[in-house]
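Visitor: Got a structure here, written out as structure tokens. Questions coming.
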Amino acid sequence: MKTKTKKALWSATASLAIMLAPLATWAASNDHELAAEGDPFWTIFAEMNNPTNTTSCVAAATSYVNSQNFSAEQKQGEIAGYTQMCTEVASMPAEMESEMAAEGVTSNLFAASDWHHVNNLFFEKAGQGKIQFTNTIDFMSYRFMTFMSNFRSMVKFDDGYISLNAAMVTDMKHYGAQLTMSGLDFTEMPDIYATDANGTTMHLATSSDISGENYNPTTGTLTFNTSHFSSFRSVAKGSKVKAMKISSVSPKNIKYNSRKNTFKLTVKGKNLYKKGSDVSCTLGFQRAEKVRSARNGKKVNCTFGMSNFSTLGLYPVSIMVGSTGEVSKANAVSIR
């Protein structure tokens, strides 16, 4: 099997094991990026009902290799390599479930026999919240796997706050879902604020954002349905929410240099900090390795690993402040 092809395939399948596992050794590795959308892996992956379907995986891989203009010797090596990969893929769901359980995360994904049609798919963080999709999800697709492989950067559960980075998951921002916020201490139905589907402004949610709101003050549990996916925050009724804003990002142009380990961005704006809350900075799908926030909330310095941006183009920037909100700026930085 070609080294390049094997690395691309392993990158894609390894992401299964790390989609929710906050293991530093995995998260810091550059070898776990998804294969490109046109990579042969997705043709093979699409033929499987789920990652444990080794027989279908080997059959699809063999069919693909035989369709290529390879020599007999090369075909033999390619098939052997794919067969090994199919075996490795089969172990991923058990690893995923174990790692998620260690972090208090549960999902019904592992009970589904057909990962192309997963109904009522949910991910729940114990004591924090739950996202349950109302759409039938094709988990064996490139687009959904792209979202899931970057779950830690894309989704945030915090006290009374659930966010999905709408700037990056444009294919999913209009998926229907029911959100549950747990551990709240409001004595009456709280106000719910929503960020628009583009992730730029937060406003008091209306019927175009949410429906079916229900709050149980005894259990401190709030549930509601969403018509789009972005950021949602619950606050005491009548409370004011300070608007977050990104006014500028510098530098706007970054020259990719494989000999450099990192590069820095400075994001300026309003209300980009809250005492006692975690502040994260995301460029594209990549979360900053280091974040330094000015206490006045007007500036955030973000340090990113250079090797994560070998794909040139325009990237959005997002700042997320735990339990407060998220704000994004599209096409903020050009990697050239």
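Visitor: Kindly establish whether Asn253 is farther than 30 Å from Lys240 by Cβ and either of a type outside the set (Gly, Ala, Ser) or crowded, with 19+ Cβ neighbours inside 10 Å (or both).
Guide: So Asn253 fits the description; yes.
Visitor: Pairs, please: C-beta under 8 Å, at least 6 apart or cross-chain, first residue farther than 15 Å from Ala126 by Cβ and in segment 94-107, second not in a helix (DSSP H, G or I)?
Guide: Qualifying pairs under 8 Å: Met96/Met19; Met96/Leu20; Met96/Ala21.
Visitor: Something else now. Leu272 passes all but one of (1) surrounded by 14 or more Cβ atoms within 10 Å (Cβ to Cβ); (2) more than 21 Å from Gly160 (Cβ to Cβ); which number fails?
Guide: With respect to (1) surrounded by 14 or more Cβ atoms within 10 Å (Cβ to Cβ); (2) more than 21 Å from Gly160 (Cβ to Cβ), Leu272 is out only on (2).
Visitor: Let me ask something else. Test Ser56 against the stated conditions and say whether it is assigned by TED's automatic domain parsing to the domain that holds Thr226, surrounded by fewer than 20 Cβ atoms within 10 Å (Cβ to Cβ) and either out of contact with any strand residue (DSSP E or B) (no Cβ under 6 Å at 6 or more places or on another chain) or assigned to a helix (DSSP H, G or I) (or both).
Guide: When the stated conditions are applied, Ser56 does not pass them.
Visitor: Looking only at segment 298-326, count how many residues are modelled with pLDDT of 85 or more, farther than 14 Å from Tyr256 by Cα and surrounded by fewer than 20 Cβ atoms within 10 Å (Cβ to Cβ).
Guide: Counting residues in segment 298-326 that are modelled with pLDDT of 85 or more, farther than 14 Å from Tyr256 by Cα and surrounded by fewer than 20 Cβ atoms within 10 Å (Cβ to Cβ) gives 4.
Visitor: Just to verify a result, which residue in segment 113-123, among those that are crowded, with 19+ Cβ neighbours inside 10 Å and at pLDDT 90 or above, is farthest from Asp159 (Cα to Cα)?
Guide: Trp115
The values are calculated or read from the model by the stated rules, or taken from the named source; none is laboratory data. This one's a predicted model, so the numbers in the text were calculated from it and none came from an experiment. Here the Cβ is made from the backbone with ideal geometry for all residues, glycine too, and neighbour counts use every protein chain on show.
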